[in-house]
Structure formats: structure tokens, C-alpha cells
1. Using the Karplus equation 6.51 cos²θ - 1.76 cosθ + 1.60 (θ = phi - 60°), what ³J(HN,Hα) coupling, rounded to whole Hz, does each residue of the stretch 60-67 give in order, writing x for Gly and Pro?
2. Could you check what % of the DSSP bridge pairs in the chain are antiparallel, to the nearest 5?
3. R26: net charge of surrounding residues, Cβ under 14 Å, Lys/Arg +1, Asp/Glu -1, itself excluded?
4. Counting heavy atoms of the protein chains only and a 1.4 Å probe, report the per residue accessible area for the chain as a whole number of Å².
5. Using 0.36 nm per residue of separation minus the Cα-Cα distance, give me the extension gain between L28 and E69 in nm, one decimal.
6. Per residue of the chain, what 222 nm ellipticity follows from adding -39500 (n - 2.57) for every DSSP H run with n ≥ 4, rounded to the nearest 500?
7. If packing is taken as the average number of other Cβ atoms within 10 Å across a peptide's residues, how do 77-85, 3-11 rank, most packed first?
8. Could you give me D for the chain, from Stokes-Einstein at 25 °C and 0.890 mPa s, where the hydrodynamic radius is the Kirkwood radius over C-alpha pairs? Units µm² s⁻¹, please.
Amino acid sequence: MRTIEVDGAAYPSIKAFCEDLKTEIRALPGHGSSIEAFVDSMIWANGMSELAPPYMIRVRGLDGGPLAEFVKDLSNALGQARMEVRNRRAEDVEVILSLRR
């Protein structure tokens, strides 16, 4: 499994984090920055990114604040979408986003 390490402390905003995350997943032009947009491209494979699973993204260096909450919410949304794919398609899309302090 490919692992992408990200230093969350390097981002001044959620927007900056999202722009870098789009680069890491090789998002195509027009990819959104919402949690729903990342779930669609990372789990449901809607054709908006070129990085194929399996992969893990580890975000470290966040002790709290809005970016940590965003990453936690995105991680939870990805996990819920993985379960939904397992239930609907009987397959697993191995994409993990973990928050490490």
C-alpha cells in the first residue's frame, strides 16, 4: 500500500490543505475541495483523480483547530463510504486517511 505523509502544521488554512491533497491524489481540473468531493473521487472513483487505491494518507502535526477537525471529518466520511461500498458492491476500496499527532 502506498503511504503519503503530510505535515499538517505546514498548512495555513483548510483551503491550502485541500489544494495539496488534490495534488497528492492527482486530482483532475475541476475537482472540488469539499469532503463530498474527496469522498466521490477517492472512494466512489468518479474519474476526478488519477491515484488508484490502495493508499494511505497520514496527516501529522495537528493538535487541534479547524484543520484537524476537517481532517477528522474527512477521515470519518471516507471510512463510512468504504463501508457503503462494501455493502453495495461487496468490494473494498482501500483508502485510509489517518490523523497522527
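The values are calculated or read from the model by the stated rules, or taken from the named source; none is laboratory data. Keep in mind it's a predicted model, so treat the numbers as computed, not measured. Cβ atoms come from the backbone with ideal geometry, glycine included; neighbour counts cover every protein chain shown. Quick note on the areas: whole protein, heavy atoms, side chains included, nothing else; ligands and nucleic acids left out. Shrake-Rupley method; radii C 1.70, N 1.55, O 1.52, S 1.80 Å.
1. Going residue by residue, I get 10, x, 10, 9, x, x, x, 5 Hz, with x marking Gly and Pro.
2. Values: 1 of 13 bridges.
Of the beta bridges lying entirely in the chain, close to 10 percent run antiparallel.
3. Numbers: positive: R2, K22; negative: E19, D20, E24, E50.
Around R26, the charge tally is -2.
4. Values: 5570 Å² over 101 residues.
Counting only protein heavy atoms, the per-residue value for the chain is 55 Å².
5. On the way: separation 41, 0.36 × 41 = 14.76 nm, distance 2.53 nm.
Extra length from L28 to E69 when fully extended: 12.2 nm.
6. Values: 3 runs with 43 residues, N = 101.
One gets -14000 deg cm²/dmol as the mean residue ellipticity at 222 nm.
7. Result, highest mean Cβ count within 10 Å first: 77-85, 3-11.
8. On the way: Rh = 13.6 Å.
The estimated diffusion coefficient comes to 180 µm²/s.
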